[in-house]
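Worksheet: the structure to be examined is printed underneath.
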Amino acid sequence: MFSRSSGYAIQALTYLAAQPSGRLVGAREIATTLKIPMPFLWKILRNLSEKKLVRSFKGVHGGYELARPAAAIRVYEVLAAGHDGDIPGNCVLGLAQCNDREPCPMHAYWKGVREQIEATIKTTTLADMAREMKHRGRKISAR
């Protein structure tokens, strides 16, 4: 449903959210653990840093951390930070003109689902996702 870039961004930030407070995580660790190609991850992390969702620190003991507490970062913000505009308010068929006045053939079916998804991503935080992963005893991993 979301682009690969958005999926990787959410996975990387959830991974950072699951770390102990103050622990910096290197890009290589994130890439290896989540099986994200390094060049792709660097591009994503640079964008997330520009959007003030992560902070980066250079040097031997450098790495990445969330710019704010995980409980203060909503999934919606991560998706909105992406270049793809992966917010589910767009037409499910990808049409430029799709709204209540000029609906696409799927508009009536998609509208309720879209509203549920929007409500979920606007209320779910990175802390919620990290807690869920820990609760399930699972590592955060790639698709």
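The values are calculated or read from the model by the stated rules, or taken from the named source; none is laboratory data. Everything numeric in this text was worked out from a predicted model, so none of it was measured. Glycine also receives a Cβ, built like all others from the backbone with ideal geometry; neighbour counts cover every protein chain displayed.
Within segment 1-34, the set of residues being aliphatic (A, V, I, L, M) and over 11 Å from the mean Cα position of the chain (by Cα) comprises MET1, LEU16, ALA17, ALA18, LEU24, VAL25, ALA27, ILE30, ALA31, LEU34. Considered as a group, the residues in segment 35-45 that are under 15 Å from the mean Cα position of the chain (by Cα) and part of a helix (DSSP H, G or I) include one that is surrounded by the most Cβ atoms within 10 Å (Cβ to Cβ), and that residue is ILE44. Taking the numbered list (1) within 20 Å of THR123 (Cβ to Cβ); (2) surrounded by fewer than 18 Cβ atoms within 10 Å (Cβ to Cβ) in turn, SER21 passes all entries but (1).
The rows are residues; the columns are (1) part of a helix (DSSP H, G or I); (2) at pLDDT below 90; (3) more than 20 Å from ARG23 (Cβ to Cβ).
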position: ASN47; (1), (2), (3): yes, no, yes
position: ARG55; (1), (2), (3): no, no, no
position: ARG68; (1), (2), (3): no, no, no
position: CYS91; (1), (2), (3): no, yes, yes
position: GLN97; (1), (2), (3): no, yes, yes
position: PRO105; (1), (2), (3): no, no, yes
position: ARG114; (1), (2), (3): yes, yes, yes
position: LYS139; (1), (2), (3): no, yes, no
